[in-house]
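The values are calculated or read from the model by the stated rules, or taken from the named source; none is laboratory data. Since this is a predicted model, take the numbers as computed values, not measurements. Virtual Cβ from ideal backbone geometry, glycine too; neighbours counted across all protein chains shown. For the accessible areas, the whole protein counts, side chains as well, though only heavy atoms, and no ligand, DNA or RNA atoms are used. Shrake-Rupley method; radii C 1.70, N 1.55, O 1.52, S 1.80 Å.
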Amino acid sequence: MIELGPATEDEMVLAFLRAEVDSPRFREMVSSWLDGEPFLREDLIRRADLSDPAQNAARRRVLRSFRGYGADSMLFPGFPLDVTWRRVQLEQGDAGSLLYARWPEWVQLSLGSRRVTDGAKNGASNPNVVAVANRLRLGETFEPLIAVEGLDGTLILVEGHVRATAFVLHAGLDGVIVILGSSPSLSRWGLY
């Protein structure tokens, strides 16, 4: 893993929303929450100003409403508030340490191991994974994955399960960018 430097919580929230606003599975839900904000969607997502506290607060509200971030619910039960974020670039040797969050769909795809590499072996017929792998073959780029650092050195996905699986199917994880969170209390996260 190559360290690329610090990241902020606001950068993580923006990357999360950018990834899911274009997702066929989540775009309608994200859009409905964005429509309730006093900013244009384009301003909050495409032309985001990370130095604007009001925009950052709006994006956090959307992620809170849509995924439970900061509300101790949905995708984030027990997620600590003291997470420090940074950017890293994965190397080929990191593939075995990247795990899915403890979500039933992904645990099942990996046959219980939660390893993305195992999920990729079984995910070659998953239509969402295949669609992203095809987009990768066409040269499309994607938002960074979002993960947290396990106490045992594993990296546990928070956002980007389909993309991570498609990366492994397409060409591996070498060069993939991750916004990575660390906290001594991450093991309290319900999907850890």
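Dipole size in debye (nearest 20) for the chain around its Cα centre, Lys and Arg Cβ +1, Asp and Glu Cβ -1?
460 debye
As an exercise, take the mean of 1/r over every pair of distinct alpha carbons in the range 129-192, invert it, and state the Kirkwood radius in angstroms.
Every distinct Cα pair counted, the radius reaches 12.6 Å.
Ignoring ligands, DNA and RNA, what accessible area per residue does the chain give at 1.4 Å, in Å²?
47 Å²
For the chain, what is the Kirkwood estimate of the hydrodynamic radius, computed as the reciprocal of the mean inverse distance between distinct Cα atoms, to one decimal in Å?
Computed over the chain, the radius equals 16.9 Å.
Roughly how tilted is helix 127-137, in degrees to the nearest 10 and between 0 and 90, from the longest Cα axis of the chain?
90 degrees
Apply the Karplus curve 6.51 cos²θ - 1.76 cosθ + 1.60, θ = phi - 60°, to the phi angles in the range 56-72 and return the couplings in whole Hz, x for Gly and Pro.
Going residue by residue, I get 4, 5, 5, 5, 5, 4, 5, 5, 5, 5, 7, 10, x, 5, x, 10, 6 Hz, with x marking Gly and Pro.
What accessible surface, in Å², does a 1.4 Å probe find on HIS170, ignoring ligands, DNA and RNA and rounding to the nearest 10?
My reading of the accessible area for HIS170 is about 80 Å².
Take LEU109, LEU180 and sort them by solvent-accessible surface of the protein heavy atoms, 1.4 Å probe, largest at the top.
LEU109, LEU180
Where does each of ARG87, ARG46, ARG59 land when they are ordered by accessible area, with a 1.4 Å probe and the largest first? Mind dumping the intermediate values first?
Values: ARG87 65, ARG46 100, ARG59 0 Å².
From most exposed to least exposed: ARG46, ARG87, ARG59.
Taking the Cβ-Cβ separation of ASP35 and ALA57 as r and a Förster radius of 22 Å, what is the calculated FRET efficiency to the nearest 0.05?
0.85
Under the rule of at least 5 residues apart or a separate chain, name every residue whose amide H is placed under 5 Å from the amide H of VAL158.
Amide H neighbours of VAL158: ILE146, ALA147, VAL148.
Using a 1.4 Å probe and counting only protein heavy atoms, arrange TYR69, TYR100, TYR192 so the residue with the most accessible area comes first.
Details: TYR69 25, TYR100 0, TYR192 50 Å².
Greatest to least solvent exposure: TYR192, TYR69, TYR100.
Pairwise over distinct Cα atoms, reciprocal of the mean inverse distance: report the Kirkwood radius of the range 1-42 in Å, one decimal place. If you can, show how the numbers build up before the last one.
Details: mean 1/r = 0.0849 Å⁻¹.
Taking every pair of different Cα atoms in the range 1-42, averaging 1/r and inverting gives 11.8 Å.
Over its Cα atoms, what ratio of radius of gyration to 2.2 N^0.38 Å does the range 85-150 give?
1.18
Out of the total accessible area of the range 73-192 (probe 1.4 Å, heavy atoms of protein only), what percent is carbon and sulfur?
Exposed carbon and sulfur together represent 54 percent of the surface.
Two decimals, Cα atoms only, Kirkwood Rh: what is Rg/Rh over the range 36-107?
Computed over Cα atoms, the ratio is 1.05.
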